[in-house]
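Reviewing the structure listed below.
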Amino acid sequence: MGSHSTIYCCLHDQSVHTTDEGPSLPTKQNEEFRPFIRRLPEFKFWHSATKGIVIAMICTFFDAFNVPVFWPILVMYFIMLFCITMKRQIKVSYGAASSVFSRKQQFPSFFRTVHPNKDVVEVIVNIILHFDWRWVAFLNIDNDYGKDGQEVFRKLIRDTEICLAYAKGLNHYTDYSQIFQQIEAQRVNILIVFAPEWTAEALIESAIRLNVTNKVWIAGDTWSLNDMLPREKGIKNIGTVLGVSQSIVTIPGFSDFIYSSKRRTHCGIARRQTFCNQVCNCSSLSAEDLISTDPSFSFPVYSAVYAVANALHNVLQCGADQCNDSITVYPHMVLAELKKSNFTILNQSVEFDENGDPKFGSYSIVFWNKSGDAQEIGYYKVHPFVNFFINSTKIEWHTNRDVPTSRCSPECPVGYEKHQLGIHKCCFTCEICSIGTYVNSTGNLHIWDAVAEIFP
């Protein structure tokens, strides 16, 4: 979900004490939860600041400390300090899907509860192979998330019969008319759209307006459950829409929480800055708007928060009603517990692999039916082993009952050989085999000498 909204649960390198001088966790059921306690007590702040100023003033009296200031050195110092600080933080993300975060050398303390781009692109590739489509286009948002998805797609199709006929990054200045003209010129019928909702909405609305028809659209997990586009006027004319989505796990009590939050009156303008948290950031949305938002993102958020809470619970040796208040919590202790995470919530077993990626969850394969709903037609399970299934009979193709085709060149008939045209192995001409030879399989580039095979 790298284009999804992302939050991080961070523990900085300052130790977290269970004393009155720093943030504390409730240790008893009847103890008040105090979320807005200073991380650094005011006395310590002024003491450290005063000490730093005094030392700096003393240093001005010595020529040895009179060092010329060269701004590139200051910039490098800032970057180095930033990198060191970031490495001391523990991050558990529910939305960052870019493959780069799986590199533990660069991100040793990064965990996520959403699958990396590699997994969702694998599902898309399996769908394409299942229907024997060979000639496809890949449209992605023009940022790191989209470019990573396209790069992963290129790697995964390298040893397959799939050819990438057209690829394009999408942004606010994209000329959609030109894109669809180029796709039409290439005779591409399968369009993969790897982009967030707002980009996908602009693309599909342009396709409707420009009268783009008879295509198969494969939606990434960021917009496959969009509740607006399937009901858009003219959506049926663009073709068939398939999609990949994370499996939906219902969070008990979530709807009740949203409705109760909307009924609260303590989030008035006067007190908003001192009391309110996230409930005040959604004042323009109704409870129904919030509840109808893509539900597949709920469990990654829920499990990310739970993973940090579970790690803290273990570090503090918490029991049923109290924790060990003599323990000082350091980031490396929480990091070790996160690596060992193995707990079950809402019938889902939560674990992380050696890269900090989730070892749980699965994908649903959906089809936008005529009623405007995303109907589940299959699944792709990643753990503990890959299990892929599609019920093709549930799909109402725009070609009626026939599965659409997408090839650069039709298969050669028996007795003909392929001669590749250009850079794509999917584009070729068919030429009849010369006398005394034959092709042992349809379209095989290698021609066997029949005489030599019969009379060696």
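Here is a yes/no grid of residues against (1) within 20 Å of the chain's Cα centre (by Cα); (2) of a type in the set (S, T, N, Q); (3) under 27 Å from residue 362 (Cβ atoms); (4) modelled with pLDDT of 95 or more:
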position: 210; (1), (2), (3), (4): no, no, no, yes
position: 219; (1), (2), (3), (4): yes, no, yes, yes
position: 236; (1), (2), (3), (4): no, no, no, no
position: 242; (1), (2), (3), (4): yes, no, yes, yes
position: 249; (1), (2), (3), (4): yes, no, yes, no
position: 255; (1), (2), (3), (4): no, yes, yes, no
position: 259; (1), (2), (3), (4): no, no, no, no
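For the stretch 329-347, filtered to residues that are open to solvent by 30 Å² or more (accessible area, probe 1.4 Å), in contact with a Ser or Thr (Cβ under 8 Å, 6 or more places away or on another chain) and at pLDDT 90 or above, the residue that is nearest to residue 361 (Cα to Cα) is 346.
Of the set (1) open to solvent by less than 10 Å² (accessible area, probe 1.4 Å); (2) under 26 Å from residue 369 (Cβ atoms), all apply to residue 176 but (1).
Do we find that residue 154 is surrounded by fewer than 15 Cβ atoms within 10 Å (Cβ to Cβ), within 24 Å of the chain's Cα centre (by Cα) and modelled with pLDDT of 95 or more in this structure? Break it down stepwise before answering.
Numbers: surrounded by fewer than 15 Cβ atoms within 10 Å (Cβ to Cβ): yes; within 24 Å of the chain's Cα centre (by Cα): yes; modelled with pLDDT of 95 or more: yes.
Spelling it out, residue 154 is indeed surrounded by fewer than 15 Cβ atoms within 10 Å (Cβ to Cβ), within 24 Å of the chain's Cα centre (by Cα) and modelled with pLDDT of 95 or more.
The number of residues in the stretch 188-214 that are farther than 12 Å from residue 235 by Cβ and not in a helix (DSSP H, G or I) comes to 12.
Inside the stretch 221-250, can you point out the residues that are assigned to a loop (DSSP other than H, G, I, E, B) and farther than 21 Å from residue 391 by Cβ? Don't jump to the end; show me each part of the working.
Filtering the stretch 221-250 down to residues assigned to a loop (DSSP other than H, G, I, E, B) leaves 221-228, 232-234, 247-250.
Scanning the stretch 221-250 gives 222, 223, 226, 227, 228, 232, 233, 234, 249, 250.
If you go through the stretch 139-179 and keep only what is part of a helix (DSSP H, G or I) and over 17 Å from residue 191 (Cβ atoms), you end up with 144, 145, 147, 148, 151, 152, 155, 156.
Pick from the stretch 191-220 the residues that are of a type in the set (A, V, I, L, M) and over 28 Å from residue 96 (Cβ atoms): which of them is most open to solvent (accessible area, probe 1.4 Å)? Here the answer is 210.
Residues in the stretch 135-148 that are surrounded by 14 or more Cβ atoms within 10 Å (Cβ to Cβ) and over 16 Å from residue 217 (Cα atoms) were compared, and the one that is farthest from the chain's Cα centre (by Cα) is 142.
Give the stretch 98-117 a look and list any residue that's assigned to a loop (DSSP other than H, G, I, E, B) and within 25 Å of residue 380 (Cα to Cα), or say none. Break it down into steps so the answer makes sense when it comes.
Step one: list which residues in the stretch 98-117 are assigned to a loop (DSSP other than H, G, I, E, B), which gives 98, 103-109, 113-116.
Hits for the stretch 98-117 are 98, 103, 113, 114, 115, 116.
Among the residues making up the stretch 404-437, those that are of a type in the set (Asp, Glu) and either on the phi > 0 side of the Ramachandran plot or in a strand (DSSP E or B) (or both) are 417, 431.
Conditions (1) at pLDDT 90 or above; (2) part of a loop (DSSP other than H, G, I, E, B); (3) open to solvent by 90 Å² or more (accessible area, probe 1.4 Å), marked per residue:
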{"site": "274", "(1), (2), (3)": "no, no, yes"}
{"site": "290", "(1), (2), (3)": "no, no, no"}
{"site": "305", "(1), (2), (3)": "yes, no, no"}
{"site": "327", "(1), (2), (3)": "no, yes, no"}
{"site": "354", "(1), (2), (3)": "yes, yes, yes"}
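In this structure, residue 95 does satisfy being part of a loop (DSSP other than H, G, I, E, B) and either modelled with pLDDT of 85 or more or among the acidic types (Asp, Glu) (or both).
The values are calculated or read from the model by the stated rules, or taken from the named source; none is laboratory data. Quantities reported herein were computed from a predicted structural model and do not represent experimental measurements. We place every Cβ from the backbone using ideal geometry, glycine too, and count neighbours over all the protein chains shown. Surface areas here come from the heavy atoms of the whole protein model, side chains and all, with no ligands, DNA or RNA. Shrake-Rupley method; radii C 1.70, N 1.55, O 1.52, S 1.80 Å.
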